[in-house]
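Comments concern the structure below.
Where a number appears in this text, it was derived from the coordinates with a stated rule and is not lab data. Bear in mind that the values here come from a model prediction, so they are computed numbers and not experimental data. Note that we place each Cβ from the backbone using ideal geometry, even for glycine, and neighbour counts take in every protein chain shown.
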Amino acid sequence: MRRLAAPALVLAVIAAGWWLLWPSPGGVRLTIGSATHIVTVTLDSARVGDHDITVSVTDRAGAPETARSIQLVAVLPTMGYLSPVQTAPSVNSGRFVAAGVSLMAPGGWQLLVTVPGAAGPDRIPVPVTVTG
């Protein structure tokens with residue numbers, strides 16, 4: 001019995017150390033642009049779950065977006081998942097927050113940011129990889 005206890009204890013210590021030291025995904029910040037806007041999307045984590053997503057929007061000259069709100073939709077094309085349209089109100093000049101966006105499965109998500117404009121809406125896809 002003692003012969004089995006020592007190796008089991010060693011394996012348990014190694015497994016616990018591995019689990020504690022395994023890197024966990026932290027916050028994510030992605031910047032992407034269209035012909036008329038530059039968008040920076042910030043998530044607290046790229047893990048499965050509900051997230052408050054902050055979106056900063058400027059024009060190509062760097063001036064903050066003046067719209068009262070933008071829209072955001074999360075799409076996981078490989079699984080056919082589509083979140084409800086989130087209206088993200090402006091929290092200050094050019095910054096918007098979409099609360100409780102559900103990223104319900106791991107995979108390659110597209111956050112579709114829609115910025116209103118006089119010439120029509122600007123739809124900007126932002127790729128995000130979500131882990132379990």
Subject >> Amide H contacts of Gly117 (H built 1.01 Å from N, under 5 Å, at least 5 apart or other chain) >> reply: Asp122
Original post:
With each label point set 7 Å from Cα along the Cα-Cβ vector, what nm distance links Ser45 and Val85?
Top reply: 3.0 nm
Original post:
Per residue and in cubic angstrom, what volume does the convex hull of the Cα atoms of region 26-130 have?
Top reply: 91 Å³
Subject >> Cα pair distances in region 82-132, grouped into 5 Å bins until the bin that holds the longest one, percent each >> reply: 5, 16, 22, 28, 17, 9, 3, 1
Original post:
What residues from region 107-123 fall in the zone where the backbone N is under 16 Å from a label point 7 Å along the Cα-to-C-beta line of Val75?
Top reply: 108-115, 121-123
